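The values are calculated or read from the model by the stated rules, or taken from the named source; none is laboratory data. Bear in mind that the values here come from a model prediction, so they are computed numbers and not experimental data. Every residue, glycine among them, receives a Cβ derived from its backbone with ideal geometry; neighbour counts consider all protein chains shown. Accessible surface areas use protein heavy atoms only, side chains included; no ligands, DNA or RNA. Shrake-Rupley method; radii C 1.70, N 1.55, O 1.52, S 1.80 Å.
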Amino acid sequence: ALPFRLRRDLHRRAGEALEATQGDAAADLLSLHFHRAQDHAKAWEYGVRAGRRAIERSANADAVALLERALDAARHVPGISDRSKATVWEKLGDAANFAGLTDTARRAYRQARRLRRHGDPVAYAQLCRKEARFAERDGSPAAAERWLREGVRALEGLTSRRAISARADLWAAYAWLRKQAGRPEDARRWAQRAIDDGRRARDSLTVANGYVLLDGAEIALGRPSKATHATRALRIFERRDALADQAVVLNNLGAHAYHVGRWDEAAKLYGRGRETNVRIGNHVDAGYGSWNIAEILVDEGRVAE
């Protein structure tokens, strides 16, 4: 029943008291109080800080709420650069994607792309890569390929390490689409191209992703003895603390062990991949790990489990 003006004043006073006594430690509450006090500059500042911290602790749904609040405040703050807003929109999209909030993630990436289109072609190409992943998940490989081509066009003529690395990541995505389309020889060729460009850019993560795709292509070609790169990729991911990539390669190693009949090993690898996805808050992909383990249990006749 309080008048809106009084509510705003109380939120402002609460925010100032918290700011004086706790500072950044209370960034999430500060973003809330200053947003409701309509102190938009502070709501933006503390919302972004709190959102980043939420991402670091894999609280992705919390990060989405915090970053949405910050971006709402940003509409009223002059002088915030398009680059800064695009970065926050993209972080919001990543958090929403991990939280399984697909529509929110797409909206966030769309806003980031709009801001990146003319100012940062490399970041724009990386967003095209994320759009391609969504399209592939939706069962539309043709749309995924269109997004990858759009990303490659954005990088035309650029020779920086950052641009070469982004292009290598697009090649890796194309290799995955070729494999899914039943074209493993094409997939192997594009994976090797990703590895070569990743090495040129001195980007070990892209090289490692290429290794994973190269092994997948070799297995699809009926040459499992040549699929020897995934463990090397896993070591790179572990050294770089790339948890999301570790989860992918653990699942792939599990699939390889499953198909050659090493079911106990496969279940352990799937389990490690599942636990890694849970750690980063990616419960959707953690569900794939549970499903893969269930498949082994069904094959072994352990139906109740």
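Hey, what angle do you get for helix 4-21 against the long axis of the chain, alpha-carbon based, 0 to 90 degrees rounded to 10?
70 degrees
How large a share of the accessible area of the stretch 7-80, in percent, is made up of carbon and sulfur atoms when the probe is 1.4 Å and the other protein chains stay in place?
47 percent
Which listed residue (Ala247, Ser160, Leu148) has the Cα farthest towards the positive end of the charge dipole for the chain, taking +1 on Lys and Arg C-beta and -1 on Asp and Glu C-beta about the Cα centre?
Ser160
When only Cα pairs under 8 Å and 6 or more residues apart are kept, what is the percent relative contact order across the stretch 152-250? Present the calculation step by step, with values, prior to reporting the outcome.
On the way: 139 pairs, mean separation 21.8, N = 99.
Normalised by residue count, the contact order of the stretch 152-250 is 22 percent.
Given R₀ = 25 Å, what would the calculated FRET efficiency be for Arg110 paired with Arg161, taking r from the Cβ atoms and rounding to 0.05? Before the final figure, lay out each step's value.
Values: r = 28 Å, r/R0 = 1.11.
It comes out at approximately 0.35.
About its Cα centre, how strong a charge dipole does the stretch 188-305 have in debye, to the nearest 20, once Lys and Arg get +1 and Asp and Glu get -1 at the Cβ? Don't jump to the answer; show the numbers that get you there.
Values: 18 positive and 16 negative charges, 127 e Å.
Taking the Cα centre of the stretch 188-305 as origin, the dipole is about 600 debye.
Lysines near Lys226 by alpha-carbon distance under 23 Å, same-chain residues fewer than 8 away left out - which ones?
Of all the lysines, those that pass the test against Lys226 - Cα under 23 Å, at least 8 places apart if same chain - are Lys179, Lys268.
Give me the net charge for the shell around Arg36: Cβ to Cβ below 10 angstrom, other residues only, Lys and Arg +1, Asp and Glu -1. Mind showing how you got there, number by number?
On the way: positive: Arg7, Arg8, Arg12, Arg69; negative: Asp39.
Taking every other residue near Arg36 into account, the sum is +3.
In the neighborhood of Gly261, defined by Cβ-to-Cβ distances under 14 Å, what is the net charge if each Lys or Arg adds +1 and each Asp or Glu adds -1? Walk me through the intermediate numbers first.
Working: positive: Arg262; negative: Asp264, Glu265, Glu295, Asp299, Glu300.
Result for the local shell: -4.
Relative contact order of the stretch 117-183, please, whole-number percent, based on alpha carbon pairs below 8 angstrom and at least 6 residues apart. Don't jump to the answer; show the numbers that get you there.
Values: 58 pairs, mean separation 22.9, N = 67.
So the answer I get is 34 percent.
In debye, nearest 20: dipole of the chain around its Cα centre with unit charges on the Cβ of K, R (+) and D, E (-)?
Numbers: 54 positive and 41 negative charges, 205 e Å.
Charge dipole, the chain, about its Cα centre: 980 debye, nearest 20.
Can you tell which of Val207, Trp263, Ala227 lies farthest toward the positive end of the dipole of the stretch 197-305, using +1 and -1 charges on the Cβ of basic and acidic side chains (Lys, Arg; Asp, Glu)?
Result: Val207, furthest along the dipole toward the positive end.
Restricting to Cα pairs below 8 Å that are 6+ residues apart, what does the relative contact order work out to for the chain? Please round to a whole percent. Please report the intermediate quantities before stating the final value.
On the way: 440 pairs, mean separation 28.3, N = 305.
Relative CO of the chain lands at 9 percent.
Taking 0.36 nm per residue of separation and subtracting the Cα-Cα distance, what length does fully extending Leu29 through His76 add? Present the calculation step by step, with values, prior to reporting the outcome.
Working: separation 47, 0.36 × 47 = 16.92 nm, distance 1.98 nm.
Here the answer is 14.9 nm.
Provide the gained length on full extension for the span Glu16 to Arg153, in nm with one decimal, where the gain is 0.36 nm per separating residue minus the Cα-Cα distance. Mind dumping the intermediate values first?
Values: separation 137, 0.36 × 137 = 49.32 nm, distance 4.86 nm.
Extra length from Glu16 to Arg153 when fully extended: 44.5 nm.
On a 0 to 90° scale, report how tilted helix 283-299 is relative to the longest principal axis of the chain, with both axes built from alpha carbons and the result rounded to the nearest 10.
Its long axis makes an angle of about 30 degrees.
Averaged per residue, what accessible surface does the chain expose to a 1.4 Å probe, in Å²? Let's see the in-between values first.
On the way: 15860 Å² over 305 residues.
Value for the chain: 52 Å² per residue.
If I compute solvent accessible area with a 1.4 Å probe over the protein chains, what percent of it on the stretch 173-261 is carbon and sulfur? The partial results should precede the final answer.
Working: 2020 of 4280 Å².
Carbon-and-sulfur percentage of accessible area, whole number: 47.
For Lys130, which aspartates and glutamates qualify as cross-link partners when the Cα separation must be under 18 Å and same-chain residues fewer than eight apart are set aside?
By straight Cα distance, Lys130 reaches Glu90, Asp94, Asp103, Asp120, Asp138, Glu145, Glu150, Asp169, Asp245, Asp285.
Using the Kirkwood formula on the Cα atoms of the chain, what hydrodynamic radius do you get, in angstrom to one decimal? Working shown, then result.
Values: mean 1/r = 0.0471 Å⁻¹.
With all distinct Cα pairs of the chain included, I get 21.2 Å.
Let's test the formula: R0 of 51 Å, r as the Cβ-Cβ distance of Val303 and Arg239. What FRET efficiency results, to the nearest 0.05?
Details: r = 40 Å, r/R0 = 0.79.
Rounded to the nearest 0.05, the efficiency is 0.80.
I want to check the label-to-label distance for Arg146 and Glu185. Put each point 7 Å from Cα in the C-beta direction and report it in nm to one decimal.
For Arg146 paired with Glu185, the spin-label model returns 3.0 nm.
With axes computed from alpha carbons, what is the tilt in degrees of helix 121-137 against the longest principal axis of the chain, rounded to the nearest 10 within 0 to 90?
The angle comes out at about 60 degrees.
Checking the cross-link filter: which lysines have an alpha carbon closer than 16 Å to that of Lys85, excluding same-chain neighbours under 8 positions apart?
Lys42
Placing unit charges on C-beta atoms (Lys and Arg positive, Asp and Glu negative, everything else neutral), compute the dipole magnitude of the stretch 33-76 about its Cα centre in debye, rounded to 20. Show your work: numbers first, answer last.
Details: 8 positive and 6 negative charges, 17 e Å.
Magnitude of the dipole: close to 80 debye.
Could you check the simple spin-label distance between Asp103 and Asp138, using points 7 Å along Cα→Cβ, in nm with one decimal?
That separation, rounded to one decimal, is 1.3 nm.
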